[in-house]
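Working notes for the structure below.
The values are calculated or read from the model by the stated rules, or taken from the named source; none is laboratory data. Please read these numbers as outputs of a predicted model, since none were measured by experiment. Cβ atoms come from the backbone with ideal geometry, glycine included; neighbour counts cover every protein chain shown. Remember, those area values only see protein heavy atoms, side chains included, never the ligands or the DNA or RNA. Shrake-Rupley method; radii C 1.70, N 1.55, O 1.52, S 1.80 Å.
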Amino acid sequence: MSHDIIQNAFQALVSNDPDRISAVLTEDAEWLSPPGNATAVALGGTNHMVGREAIVRFFAQDFPRLYARDVAVTPRGVHVDGERVAVEAAMTATLANGNHYSNDYCFVFELRDGLIHRVREYTDTARGLRMVFGEVPR
């Protein structure tokens with residue numbers, strides 16, 4: 001069951017459809033990414049989003065400004081422990097500047113009542129910065 005919830009969530013998040021994204025999140029959901037990650041730096045955003053509305057706005061409006069097309073999240077491993085799901089994944093995309101993006105991630109999802117309540121995202125931030133900016137910005 002938890003595995004299906006996460007598969008549906010990934011499809012919703014990359015759809016850029018606010019209704020689909022909203023449907024997989026609790027109202028008080030949180031998304032925590034590493035400080036200084038490429039997405040937050042490039043978009044001038046935060047690494048800690050709080051609330052369904054903030055997360056929906058990010059994935060429906062902000063995320064596609066950087067990851068313009070061909071976004072794919074490919075799970076490499078899914079580990080379920082009740083309401084907690086860890087997903088090892090690779091994400092690829094074409095950036096708004098036409099460059100290719102590819103990075104590895106680990107997402108730890110905490111579910112509540114069949115919805116995503118909290119996400120902790122881990123990634124190689126230096127690689128992400130190189131993929132987005134060509135070098136690590138200082």
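Of TYR101, TYR67, TYR105, TYR122, which residue is touching a strand residue (DSSP E or B) at 6+ places or on another chain (Cβ under 8 Å), open to solvent by less than 40 Å² (accessible area, probe 1.4 Å), touching a residue at least 12 places away in the same chain (Cβ under 8 Å) and under 24 Å from HIS3 (Cβ atoms)? If you could, list the steps in order and put the result at the bottom.
Details: TYR101 fails: under 24 Å from HIS3 (Cβ atoms); TYR67 fails: under 24 Å from HIS3 (Cβ atoms); TYR122 fails: open to solvent by less than 40 Å² (accessible area, probe 1.4 Å).
Checking each option against the conditions leaves just TYR105.
Only a single item in (1) assigned to a loop (DSSP other than H, G, I, E, B); (2) in contact with a Phe, Trp or Tyr (Cβ under 6 Å, 6 or more places away or on another chain) is not met by GLY98, and it is number (2). Answer yes if at least one residue in segment 68-79 is in contact with a helix residue (DSSP H, G or I) (Cβ under 7 Å, 6 or more places away or on another chain) and modelled with pLDDT of 95 or more, and no otherwise. Scanning segment 68-79, I find no residue that is in contact with a helix residue (DSSP H, G or I) (Cβ under 7 Å, 6 or more places away or on another chain) and modelled with pLDDT of 95 or more, so the answer is no.
If the condition is being without any contact (Cβ under 8 Å) to a residue 40 or more places away in the chain and in a helix (DSSP H, G or I), then segment 13-33 contributes ASP19, ARG20, ILE21, SER22.
Whether any residue in segment 29-45 is touching a Pro at 6+ places or on another chain (Cβ under 8 Å) and not β-branched (Val, Ile, Thr) is what I want to check.
Let us first name the residues in segment 29-45 that are touching a Pro at 6+ places or on another chain (Cβ under 8 Å), namely 41.
If we keep only those that are not β-branched (Val, Ile, Thr) as well, we get none.
No, because not a single residue in segment 29-45 is touching a Pro at 6+ places or on another chain (Cβ under 8 Å) and not β-branched (Val, Ile, Thr).
The set of residues in segment 1-51 that are farther than 17 Å from HIS117 by Cα, open to solvent by 30 Å² or more (accessible area, probe 1.4 Å) and β-branched (Val, Ile, Thr) comprises VAL14, VAL41, THR46.
Here's a check for you: in segment 70-79, which residue that is within 20 Å of ASN97 (Cβ to Cβ) and not small (Gly, Ala, Ser) is least open to solvent (accessible area, probe 1.4 Å)?
Of segment 70-79, the ones within 20 Å of ASN97 (Cβ to Cβ) are 70-72.
Remaining after also requiring not small (Gly, Ala, Ser): 70-71.
Details: ASP70: 106, VAL71: 39 Å².
The extreme case among them is VAL71.
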